[in-house]
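Worksheet: one structure, shown below.
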Amino acid sequence: MDIDRLLARLLLQRGIADPDQARSFLNPRLEDLHDPFLMRDMQRVVERVERALREKEKILIYGDYDVDGITSTVVLRRALEMLGGKVDFHIPARLEDGYGLQPDVMREFALKGFSLIISVDSGVRAFESCRAAREAGADLIVTDHHTPAETLPEAYAILNPKRFDCSYPCKDLAAVGVVFKLVQALFQRSGRETVLPHFLKLVAIGTVADIVPVVGENRIIVKYGLQGLERPNNLGLQELLVGAGVEGPVGLSDVGFRIAPRINAVTRMGGGREVVDLFALSDRRQARRLVEEMNRKNDARRGEEERILEEIEDRVAERPQDFSKRFLVVAGRDWHRGVIGIVASRLVDRFHRPVLVLSVGSENTQGSGRSITPFNLVESLDRHASFFQRHGGHPMAVGCTLQVSDLEDPRLSELSAALNDHADQHLDDEDLVPRLKIACELPAEAVSLGLCRQVERLAPYGVGNPTPVFASRAMPVAAGPWLLKERHLKFQVQCNGSRVDAIWWKNAQAAEGLSPGSPVDLAFTLGRQFFQGEESLQLTIRDLHA
């Protein structure tokens with residue numbers, strides 16, 4: 001293939017050994033997107049939507065409050081409006097409504113004359129809500145990507161590649177990916193296929209934010225979506241990128257750590273509709289004001305997150321044995337429900353085991369869980385469904401609601417014991433040890449900007465296509481170390497005759513033992529940084545030994 005030997009090695013490590021497969025992987029094309037009508041119920045859904053468009057029915061999009069749900073709502077709303085639809089949307093209140101579709105909302109909008117309701121990012125387990133919509137005289141179409149139960153609810157139709165009776169080739173679409181397939185089908189039938197690429201910017205944001213595998217169709221979506229984000233036409237998106245401090249080529253880290261948290265912050269901190277409306281604004285000043293408010297809410301979200309983590313750290317110091325269990329269940333009184341998912345992620349990073357964080361309120365308890373690769377979290381909750389009013393999600397992330405309003409309620413300790421029994425059966429001590437997989441060892445003189453560009457041909461990275469981690473031994477420290485904002489470590493190393501910046505985020509304590517002229521063993525990823533129009537190599541440290 002006339003490619004660098006290292007790139008060939010990295011492809012082989014990803015199970016790609018055939019030249020044609022490698023060409024397709026390195027050069028994903030929009031033409032390789034699957035036929036949307038391969039998805040179960042797609043024909044039925046398209047015909048129902050087309051009838052609603054012809055007969056000017058009122059269509060409601062029932063959204064969801066995370067980035068995947070928000071972008072799904074924006075994409076579907078815009079597409080249906082382009083096709084002449086009479087469309088409104090509903091974003092559930094994260095703090096009050098909790099996870100999943102609400103039967104009362106179905107009845108409310110059916111009474112308002114909405115004869116077609118399309119859910120996004122939820123509904124595949126919403127048995128009661130599907131029944132409520134049908135009884136109220138509305139057709140409910142579910143578009144979702146979460147794992148179904150053993151039976152499906154009685155909706156008008158269900159688009160979900162994870163359906164057991166669906167043979168769609170890409171099973172790992174985000175919710176916004178499922179919505180995009182519906183839009184693709186509608187636009188194919190209406191002769192508007194040429195505008196499809198314009199939707200990929202928002203589809204990529206939702207896909208990256210939901211941490212689905214970036215392989216197959218998702219790889220195509222993310223690649224073209226990130227490219228489009230470098231020059232968006234949408235005014236709201238332009239202002240969001242500026243407000244998030246995103247400049248130059250847009251990468252997954254920009255989406256994951258700058259763009260997505262600001263979208264999420266609106267609903268996490270009590271907002272809703274405004275974040276959807278941002279992408280429909282034509283007034284730049286109004287868009288800028290809204291992005292400034294998103295930044296303020298994101299700062300407030302960080303404050304709430306740190307407050308809860310500090311409270312948990314106090315518990316770790318007082319009762320460390322509670323945090324050595326295989327499944328951590330951590331509950332607090334009135335913890336901010338908008339941030340418990342992030343707290344769960346932080347605890348998984350810290351303790352490397354499945355975590356369920358519960359916020360106990362005066363009426364009920366809402367929870368958010370995150371897991372590690374060997375442990376299927378939604379399956380674990382399924383096995384203990386009697387504890388929950390509602391629950392659902394993925395193997396790696398779940399949401400749930402419990403009828404518990406007291407921290408001393410024995411059901412909390414019973415839930416913890418049950419989940420730990422299940423974890424004891426499926427996890428061993430080896431699973432609880434975090435491991436860093438090294439792609440290969442490189443001499444310092446081989447580390448260069450040119451090598452970085454070669455390796456970047458594997459991007460976009462994500463689950464299923466991880467960023468390659470390299471190791472170099474006895475690499476000379478050229479300057480530093482310095483602390484950035486008292487949290488991050490920065491120093492320079494000597495590579496290929498040049499000084500190269502090396503940064504270890506949130507690991508300022510690792511500065512001990514580093515000094516100019518001393519050798520250091522490094523595990524790192526390769527990246528590029530841009531400053532005043534100049535491009536340079538930067539190493540992101542994953543581990544070191546001084």
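Selection of the stretch 443-455 for residues being under 18 Å from ALA502 (Cα atoms) and out of contact with any strand residue (DSSP E or B) (no Cβ under 6 Å at 6 or more places or on another chain) yields PRO443, GLU445, ALA446, SER448, GLY450, LEU451, ARG453.
The residues on offer are ARG528, ARG473, and the sole one that is surrounded by fewer than 15 Cβ atoms within 10 Å (Cβ to Cβ) and in contact (Cβ under 8 Å) with a residue 12 or more places away in the chain is ARG473.
If the condition is being touching a residue at least 24 places away in the same chain (Cβ under 8 Å), open to solvent by 60 Å² or more (accessible area, probe 1.4 Å) and among the hydroxyl-bearing types (Ser, Thr, Tyr), then the stretch 252-285 contributes only SER282.
Filtering the stretch 149-161 down to residues that are assigned to a loop (DSSP other than H, G, I, E, B) and aliphatic (A, V, I, L, M), which residue is most open to solvent (accessible area, probe 1.4 Å)? Please lay out each step first, then the result.
Of the stretch 149-161, the ones assigned to a loop (DSSP other than H, G, I, E, B) are 149-156, 160-161.
From what is left, the residues that are aliphatic (A, V, I, L, M) are 149, 152, 155.
Numbers: ALA149: 26, LEU152: 59, ALA155: 26 Å².
The extreme case among them is LEU152.
Within the stretch 89-105, one or more residues are in contact (Cβ under 8 Å) with a residue 12 or more places away in the chain, closer than 23 Å to VAL266 by Cα and in a strand (DSSP E or B). Only one of the numbered conditions (1) free of Cβ contacts under 8 Å to residues at least 60 places away in the same chain; (2) within 29 Å of the chain's Cα centre (by Cα) is not met by PRO468, and that is (1). Just to be sure, is ARG499 at negative phi, open to solvent by 50 Å² or more (accessible area, probe 1.4 Å), modelled with pLDDT under 90 and not aliphatic (A, V, I, L, M)? So ARG499 fails the test.
Checking each residue in the stretch 340-350 for being more than 15 Å from ASN364 (Cβ to Cβ), in contact (Cβ under 8 Å) with a residue 24 or more places away in the chain and out of contact with any Lys or Arg (no Cβ under 6 Å at 6 or more places or on another chain) picks out GLY341, ILE342, VAL343, ARG346, LEU347.
Give me the residue from the stretch 162-207 that is β-branched (Val, Ile, Thr) and under 30 Å from PHE257 (Cα atoms) and, out of that set, most open to solvent (accessible area, probe 1.4 Å).
The qualifying residue most open to solvent (accessible area, probe 1.4 Å) is VAL195.
Here ASP35, ASP20 are screened, and the one residue that is surrounded by fewer than 12 Cβ atoms within 10 Å (Cβ to Cβ) and closer than 30 Å to VAL215 by Cβ is ASP20.
Scanning the stretch 229-251 for residues that are assigned to a helix (DSSP H, G or I), of a type in the set (A, V, I, L, M, F, W, C) and open to solvent by less than 50 Å² (accessible area, probe 1.4 Å) yields LEU229, LEU235, LEU237, LEU240, LEU241.
The values are calculated or read from the model by the stated rules, or taken from the named source; none is laboratory data. All values reported here derive from a predicted model rather than from experimental measurement. When we count neighbours, we look across all protein chains shown, and the Cβ atoms used for this are built from the backbone with ideal geometry, even at glycine. Accessible surface areas use protein heavy atoms only, side chains included; no ligands, DNA or RNA. Shrake-Rupley method; radii C 1.70, N 1.55, O 1.52, S 1.80 Å.
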